[in-house]
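Have a look at the structure below before the remarks.
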Amino acid sequence: MIAYPHHRHNRFLNCLYNRNNLELVEWTKTHKTIEFWLEEVPQYKVVEVFDWLNKNVKHELPKAVVDEEFNRQWESELKSNPDKYTDEKEKEKAQEEIRENAEDSIKLGLILSEIGKANKIEVSQNEIIAELRKMASYYPGQEKMIIDFYMKNKNALNQITGNLLENKVVDFIIGKVNIEEEVVSLEDFNKKN
C-alpha cells in the first residue's frame, strides 16, 4: 500500500514557515527529529507525483490483482482492529476505502513499472546492498541479522527493490518536469494550501 504522509510533512513545513532562521537553528538543536524530517521531506515530491499520476493517467486494472491487494489490506486492518467493525455500515465504508487504496496502489505500481521499463530504469545490486546497509544501520549490533533476513526472504527483498525502483522512476519523472517559479505573498500561499 502506498502511504500518503501529508500530516508529517505539513507539521515539518509549518515548523519551518512559522519560525525565522535564528529560531529555526535553536529549534533544531532541541529537536533531534530534525534529521528524520529532513530525510522525509523528499518524500513529499513522491506524494505529489503519485497524486498527479492517479488523477491523470488512465489504466485498466486486473481485477484479480486488485482483489488480492484488497484482501491483503483488509486482513491487515482486521488484525490491527479486530473489534472495530461490529457496525455493518462502518464495515462497508472501511471496505470501500480499502478497495480504493488497493486500486490506487495497483494502478500506481503498474504505471511506475511501465515508465521504468520504457525508460530502462533499473535497480542495481549495489543499490540494493547500500539500502540494506542503511536500513541495518538503524539497528546497531543487529546489522548482520537484518541483512541476512532480507537476503533470505525474497518477498522482503522484492519490497526493498520495488521501493528503490519506485523512487528512481519518481526522480526520473520529476527530472522531466519544467518548474516555473511564482512569487506569491504568504497570504496567497496559505490560500493555495
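The values are calculated or read from the model by the stated rules, or taken from the named source; none is laboratory data. Here the structure is a predicted model, which is why all the values come from computation and not from measurement. As a convention, Cβ positions derive from the backbone with ideal geometry for all residues, glycine included, and neighbour counts pool all protein chains shown. Ligands, DNA and RNA are excluded from the accessible area calculation, which covers all protein heavy atoms including side chains. Shrake-Rupley method; radii C 1.70, N 1.55, O 1.52, S 1.80 Å.
Of the residues making up region 49-95, those that are of a type in the set (Asp, Glu), surrounded by fewer than 12 Cβ atoms within 10 Å (Cβ to Cβ) and farther than 29 Å from Ile173 by Cβ are Glu75, Asp83, Asp87, Glu88, Glu90, Glu92. Against the numbered list (1) in a helix (DSSP H, G or I); (2) closer than 26 Å to Phe50 by Cα; (3) more than 21 Å from the chain's Cα centre (by Cα); (4) not aliphatic (A, V, I, L, M), Lys120 comes up short only at (1).
Which count do you get for residues in region 135-157 that are open to solvent by less than 80 Å² (accessible area, probe 1.4 Å) and either under 30 Å from Asn119 (Cβ atoms) or in a helix (DSSP H, G or I) (or both)?
Applying the first criterion (open to solvent by less than 80 Å² (accessible area, probe 1.4 Å)) to region 135-157 yields 135-137, 141, 143, 146-148, 150, 153, 156-157.
Those still in the list that are either under 30 Å from Asn119 (Cβ atoms) or in a helix (DSSP H, G or I) (or both) too: 135-136, 143, 146-148, 150, 153, 156-157.
Qualifying residue count, region 135-157: 10.
Annotation note: of Phe189, Phe172, the sole residue that is more than 20 Å from the chain's Cα centre (by Cα), in a helix (DSSP H, G or I) and on the phi < 0 side of the Ramachandran plot is Phe189.
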